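Reading through the structure tokens given below for one structure.
Each reported figure results from applying straightforward, stated rules to the coordinates on display, with no laboratory input. In this text the structure is predicted, and so the values were computed from the model without any measurement. A quick note on method: Cβ atoms are made from the backbone with ideal geometry, for glycine too, and the neighbour counts reach across all protein chains shown.
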Amino acid sequence: MPSKNLRTSLRLPLPLKARALLFFSACALAACGAWARVGQVQSDANSTRERRVGTSVSNRNENAVGANSGAANPETMGRGVTETNSPMAFGQPRAALFFTALEQAMRSRGMRVEDACPREDAVASRILREYGAIFMATQSVRVPPVCMFTSEVEVARFQTDAQPVSAIVGGTRIELQRAAMDALVAAREDAARQGLTITPRGGSEAARRSFQDTVRLWNSRFFPALEYWRGRGRLSAEEVNHLRALPIHDQVAGVLRLEDRGIFFSRDFSKSILYSVAAPGASQHISMLALDVAEFGNARVRRILAAHGWFQTVKSDMPHFTFLGLNESELPSRGLRQVTVDGQLFWIPNVANE
Ligand SMILES: [Zn+2]
């Protein structure tokens, strides 16, 4: 158990180090813990998806999904948020803390958390907490080498290496990593047997996005919000000009600091921009492991997608699904916990107690 290196690399504050040590000790004493399970899951990573996803529907927590909520505007819907501890049946993997599971998941890919997403970088840290579930995906897909790409060149290199496949889905050409596309096709076949459809929402951008796409989407929230808050006297013209001129990473940091003061940059200025669009270069769509689904309001569609390894992992982004390629029962051991927002179940990084 490389706890010294782990604690050093995570740069945990002292009380957290103590907590982490307690966790490891308890784990060793009980000879069971999440680490052993994670290791087992990792070594199983290339076993058949059919076996791993086959029981997902029956395992799903039924109180987490409601009746069809309809395709209301995801940004203006009221928020009924329920945070829950994951129900663990006997024999299921134990829950892990996100950063513990992340360290293990990255190590199994030859990555290091401190290289990909330095925790002392407030932007990277926040991005991990909001979008980090993607790093838990099955080994059969590529995850991004960083939390936040900073150029088109970098994104293009990653996307080429990931060898995406393209297909016409619901009349729209989309591109995804192969395992994600295969799972989507299988989910659509299941849906069709039930008289349902699963289609991209908003054209080709529902799946693969370029770096520039993510910059444009960011600006579609960033610029109107600057004008809104300037008009209300919360930002001066100088502050607006300063923010606009910043390099992207610093711009994101500046926006997040303003949001800490209640100056929000989502489309309706009521919540964080990160629940509305991703920070530039940080979108899961860049990884070609995300799909915005038109039928997101249909609980049966969501259950079918989950049964094929597609989960909602970005809290409050209602149409957005992430391909993890895992059985839902494995997610707690991957450092994810469930939260329900307006009847939709999200699996988000389990960072509440870290
Ligand atoms: Zn999306």
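For the stretch 211-275, what does the equivalent ellipsoid look like in terms of its semi-axes, each the square root of 5 times an eigenvalue of the Cα gyration tensor, given largest first in whole Å?
Working through the eigenvalues yields semi-axes of 17, 14, 11 Å.
Once phi is turned into ³J(HN,Hα) by the Karplus curve 6.51 cos²θ - 1.76 cosθ + 1.60 with θ = phi - 60°, what whole-Hz value does each residue of the stretch 240-249 show in order, with x for glycine and proline?
Calculated HN-Hα couplings, in order: 4, 5, 4, 4, 4, 8, 6, x, 4, 4 Hz.
Filter the trypsin sites (Lys or Arg not before Pro) in the stretch 156-264 down to the DSSP loop ones having no more than 11 other Cβ atoms within 10 Å, then list what survives.
The qualifying sites are Arg232, Arg261.
For the stretch 236-307, what mean projected area does the convex hull of the alpha carbons give, in nm²?
6.6
In Å, the Kirkwood hydrodynamic radius of the stretch 192-321 over pairs of distinct alpha carbons?
16.0
Just to verify a number: FRET efficiency for His249 and Leu196, C-beta to C-beta distance, R0 = 51 Å, to 0.05?
Efficiency at R0 = 51 Å is approximately 0.80.
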